[in-house]
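S.K.: My structure is below; once you've seen it, I'll send some questions.
The values are calculated or read from the model by the stated rules, or taken from the named source; none is laboratory data. All of these numbers come straight from a predicted model, not from anything done at the bench. Cβ atoms come from the backbone with ideal geometry, glycine included; neighbour counts cover every protein chain shown.
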Amino acid sequence: MSDSSDEEFNEGYVMYRHRREWSDVHPIKQNDGKNPIVAIAYSERFLDVYDYFRAILATQEKSERALELTNDALKLNAANYTVWQYRREIIKALKKDLYEELNYIADVIEDNPKNYQVWHHRRVIVEWLNDPSEELLLTEKILDLDAKNYHAWQHRQWAIETFSLYDNELAYIDKLLSADVRNNSAWNQRFFILKHMGLTLETVQREIHYAINRIRLVKNNESSWNYLKGLLESGDFQISQFPDVEAFTEDLYNSGNRAPYLLAFLVDMYIEKTLHIYETNSYDDPEIFARKVYEICDMLANHYDTIRYKYWKYISQKFRTEKERAKVGPNNDDTPANEEATNSEEQKLNGEAN
Amino acid sequence: MEGHTRNFTEIKSAKFDDENLETLTSIEQIKVENLVEKCFDRIEQLSSMDNTLPYFYRKEHIRFLERCLRFLSTGYECLDASRTWLVYWILQSAHCLNFKFSYEVLGDVIHFLKKCRCPSGGFAGGPSQLPHLAPTYAAVLSLCLIETDEALEAIDPEGIKKFLWSVREENGAFRMHVDGEIDVRGAYCAITVGRLSGISPQNKLFEGTANWIAKCQTYEGGFGGSPNLEAHGGYSFCGAAALALLNDVSTVNLKSLLRWAVYRQMRYEGGFQGRTNKLVDGCYSFWMGSLVHVIQMLIEKNSCHDGYTINIDELMFHREALQEYILICCQKPHGGLIDKPGKPEDLYHTCYTLSGLSIAQNFNSTKQPIVIGNPDNEVLPTHPLYNIAPKAVMKAYFYAQQHPIESEEDLVGCTKNQHNDEQNPANGQKENEGNADQ
Ligand SMILES: [Zn+2]
């Protein structure tokens with residue numbers, strides 16, 4: 001498209017003010033006032049096109065030539081939402097072939113894949129047609145160029161959700177994750193599909209293995225760890241319900257791996273275990289797990305995740321308070337332990353850099 | 001207070017480990033780390049001779065802003081529908097730099113913004129365009145930043161209210177313009193311009209908004225642009241700040257939000273990325289830096305309710321590391337700030353990188369700011385929810401109180417009008433505790 005548009009613009013291009021078929025229209029200059037602010041050095045062509053656009057907007061002319069004018073205006077600035085809005089009004093008034101419009105907007109999207117207005121226009125036309133048959137293909141084409149394009153994913157999710165196109169999505173996600181296991185957008189899409197299918201114990205079990213297998217591939221990958229953690233939290237499950245997860249993470253740790261995401265996962269797991277022991281009044285020794293929490297938080301703060309040293313100190317202190325609270329039991333509101341924790345000097349985060 | 005820079009040799013161990021499995025993500029990440037490493041290596045040598053480094057190109061940035069406020073190159077044609085944004089980015093950057101434009105110039109700015117005001121209410125991106133929430137947000141913030149009565153009068157709260165009703169959805173979400181797209185930006189822009197023009201968060205206009213925003217929180221902890229979308233820095237800021245302005249955090253998981261937010265700081269570069277496994281970018285210095293601040297406000301507010309407090313008197317991200325990334329990797333010596341080394345300067349990145357610098361330096365109102373390099377590198381505080389001068393927020397609240405537009409029946413289940421006179425908007429942590437469970 002860019003080639004043909006360059007041609008149109010550069011060679012045979014005639015300014016609107018020189019076109020005989022536009023001689024009945026009085027162009028309207030932009031009114032910026034006497035001492036303009038943030039004045040853009042518009043090209044001659046930009047001024048010409050927009051002077052005429054303002055004119056047809058003022059007279060509310062909805063015609064073939066007006067539609068063509070919006071083509072030129074959008075070629076110069078695809079982010080002008082006023083032009084898009086008016087274009088839709090013209091299309092409606094002239095009862096234009098919407099499939100033609102669908103082709104047009106696909107071309108514009110390929111030239112401007114990171115623009116809000118073009119995707120919104122696409123969505124409106126698809127809604128009017130009530131035909132999503134091209135949407136998966138189009139978004140795949142865009143995601144081929146940039147697999148993390150946010151607008152493309154948004155459009156794809158909307159199409160899948162609105163027209164119930166879930167069927168082959170897991171296969172597509174698999175393809176993307178095999179190409180780049182660090183593609184977080186693909187992981188997010190997987191979660192979206194799973195949520196739709198329902199996070200039953202069985203599904204979660206299966207997905208945990210999916211995540212673990214990919215963590216084995218690269219341990220230092222936040223995306224797969226977040227997915228694993230998300231599964232456990234969103235399904236309202238406890239880590240202890242999945243002994244596989246516990247075994248996998250502890251084995252990894254014992255083998256010497258110190259990926260910060262592994263360590264963070266262990267912190268969460270041991271916090272959960274400690275508090276669970278108190279809540280259920282079980283006879284296990286909570287201090288064994290509590291010590292591990294403090295120890296790993298220290299490791300993160302001082303060695304493996306020093307950029308977040310303040311955060312890990314905070315997590316460690318917060319755990320201390322929660323533990324004291326759990327010890328006293330849930331029905332005791334004003335626990336002395338609480339106050340002690342708040343006032344004690346060592347509870348305060350100090351701003352020293354590591 | 002003088003900040004300590006990190007040891008640039010030591011932190012090399014924090015560079016990305018691809019575990020011998022190259023993918024597009026790891027290749028690009030390593031490429032950017034190498035660019036950053038060049039900047040760090042260089043400054044490490046230079047600062048051994050001059051301990052006031054890194055240098056802040058304040059004069060050059062000011063000159064860049066002065067030039068842009070009047071004249072922009074043809075390259076800015078693609079922002080012709082965002083001209084009120086251009087104004088806001090310049091005024092907010094100037095605020096951080098403590099630079100004041102003359103009254104004549106500011107008079108011209110007000111005149112221009114009035115030309116962008118629409119007869120049906122709200123502002124457009126430029127003269128004779130349609131009203132849109134994003135340029136409305138930018139125009140209102142700009143007028144607040146000017147602070148004069150003439151500027152505040154130009155906001156036209158009645159028009160704002162009419163416009164907000166025209167873009168509100170039944171469930172409390174907001175479209176960006178009539179028949180436009182719906183996302184979290186809409187909710188944030190709506191509550192922001194609403195509050196600055198004197199509309200209470202209890203107004204029926206915002207019924208359901210907090211619940212809709214909460215639906216955008218993802219399994220990672222951050223917010224996506226709409227439900228089920230990937231957690232993203234810009235939308236997460238919008239979501240959390242909107243909830244703070246709505247005085248309603250009951251519906252959101254603060255623990256996972258905080259985890260996700262602090263994880264976005266890059267362990268080697270020191271700056272923030274906007275999504276998991278994406279690249280560092282100067283503009284997220286504000287979106288993410290301020291988000292961490294806002295989350296801490298929300299945690300504190302919440303803990304007052306469950307009687308369960310823990311002292312957080314320090315900002316939870318690495319304030320020195322962020323300043324290092326900004327000062328060493330994001331400045332153009334001829335003025336303007338950037339996304340990452342090798343990119344050209346633009347007004348958007350200048351505004352949000354400078355605002356991020358301000359967030360990193362000024363956190364606790366009772367403590368000295370933490371400043372990397374020369375003490376002259378200090379910039380003025382910004383309001384973490386609105387990203388304008390805290391004093392400008394206070395003036396806008398005061399002006400709106402003197403010129404009320406709201407009637408009792410506008411409010412949801414309220415017998416008395418609980419207005420929002422924050423005592424000290426700079427210290428957002430104390431905001432509206434009394435209203436929190438409305
Ligand atoms: Zn950016």
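S.K.: For region B:141-167, give me each residue that is buried (at least 23 other Cβ atoms within 10 Å of the Cβ) and outside any helix (DSSP H, G or I).
M.R.: Answer for region B:141-167, where residues must be buried (at least 23 other Cβ atoms within 10 Å of the Cβ) and outside any helix (DSSP H, G or I): just B:Ile155.
S.K.: Just to be sure before I move on: is B:Val371 away from the ligand (no atom under 16 Å from the Cβ), within 14 Å of chain A (Cβ to nearest Cβ) and either in contact (Cβ under 8 Å) with a residue 40 or more places away in the chain or of a type outside the set (Ser, Thr, Tyr) (or both) in the structure I sent?
M.R.: Against the criterion (away from the ligand (no atom under 16 Å from the Cβ), within 14 Å of chain A (Cβ to nearest Cβ) and either in contact (Cβ under 8 Å) with a residue 40 or more places away in the chain or of a type outside the set (Ser, Thr, Tyr) (or both)), B:Val371 qualifies.
S.K.: A further question follows. Just one of A:Ala93, A:Ala55 is small (Gly, Ala, Ser) and surrounded by 15 or more Cβ atoms within 10 Å (Cβ to Cβ); which is it?
M.R.: A:Ala55
S.K.: Provide a single number: the residues in region B:1-55 that are within 30 Å of the chain's Cα centre (by Cα) and more than 13 Å from chain A (Cβ to nearest Cβ).
M.R.: 16
Residue-by-condition table, conditions (1) more than 13 Å from every other protein chain (Cβ to nearest Cβ); (2) surrounded by fewer than 19 Cβ atoms within 10 Å (Cβ to Cβ):
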site: A:Ser63; (1), (2): yes, yes
site: A:Trp84; (1), (2): no, no
site: A:Glu89; (1), (2): no, yes
site: A:Leu98; (1), (2): yes, yes
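S.K.: Would you mind finding the one in A:Arg325, A:Arg308, A:Arg291 that is in a helix (DSSP H, G or I) and modelled with pLDDT under 95?
M.R.: A:Arg325
S.K.: Oh, and also: What are the pairs with Cβ atoms under 6 angstrom where one residue, in region A:60-88, is touching a residue at least 12 places away in the same chain (Cβ under 8 Å) and the other, located anywhere, is in a helix (DSSP H, G or I) and among the small types (Gly, Ala, Ser)? Sequence gap at least six, or different chains.
M.R.: Going by the 6 Å Cβ cut-off, the qualifying pairs are A:Lys62/A:Ala93; A:Lys75/A:Ser5; A:Val83/A:Ala73.
S.K.: Still on this structure, please answer the following. Applying the selection to region A:65-76, what residues are surrounded by fewer than 22 Cβ atoms within 10 Å (Cβ to Cβ) and either away from chain B (no Cβ under 14 Å) or not in a helix (DSSP H, G or I) (or both)?
M.R.: A:Arg65, A:Leu67, A:Glu68, A:Asn71, listed by residue number.
S.K.: Same structure again: Which of the residues that make up region B:168-223 are small (Gly, Ala, Ser), more than 26 Å from B:Gly125 (Cα to Cα) and assigned to a helix (DSSP H, G or I)?
M.R.: Matches in region B:168-223: B:Ala210, B:Ala214.
Matching residues to (1) under 25 Å from B:Leu258 (Cβ atoms); (2) facing chain B (nearest Cβ under 10 Å); (3) free of Cβ contacts under 8 Å to residues at least 60 places away in the same chain:
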site: A:Phe191; (1), (2), (3): yes, yes, yes
site: A:Gln205; (1), (2), (3): no, no, yes
site: A:Arg214; (1), (2), (3): no, no, yes
site: A:Val218; (1), (2), (3): no, yes, yes
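S.K.: Right, here's the next one. Considering only residues that are surrounded by fewer than 24 Cβ atoms within 10 Å (Cβ to Cβ) and more than 18 Å from B:Pro157 (Cα to Cα), look in region B:113-128 and name the one that is modelled with the highest pLDDT.
M.R.: The qualifying residue modelled with the highest pLDDT is B:Pro127.
S.K.: Out of the helices (runs of 4 or more DSSP H) lying entirely within region B:249-339, which hold 3 or more residues that are touching a residue at least 60 places away in the same chain (Cβ under 8 Å) and more than 16 Å from the ligand (Cβ to nearest atom)?
M.R.: Counting at least 3 such residues, we get B:284-305, B:319-324.
S.K.: In region B:343-362, what residues are within 17 Å of B:Gly270 (Cβ to Cβ) and either more than 13 Å from the ligand (Cβ to nearest atom) or touching a strand residue (DSSP E or B) at 6+ places or on another chain (Cβ under 7 Å) (or both)?
M.R.: B:His349, B:Thr353, B:Leu354, B:Leu357, B:Ser358, B:Ile359, B:Ala360, B:Gln361
S.K.: Next up: I want to confirm something. Restricting to region A:125-165 and keeping residues that are of a type in the set (Gly, Ala, Ser) and under 20 Å from B:Ile182 (Cβ atoms), which single residue is surrounded by the most Cβ atoms within 10 Å (Cβ to Cβ)?
M.R.: Out of the qualifying residues, it is A:Ala152.
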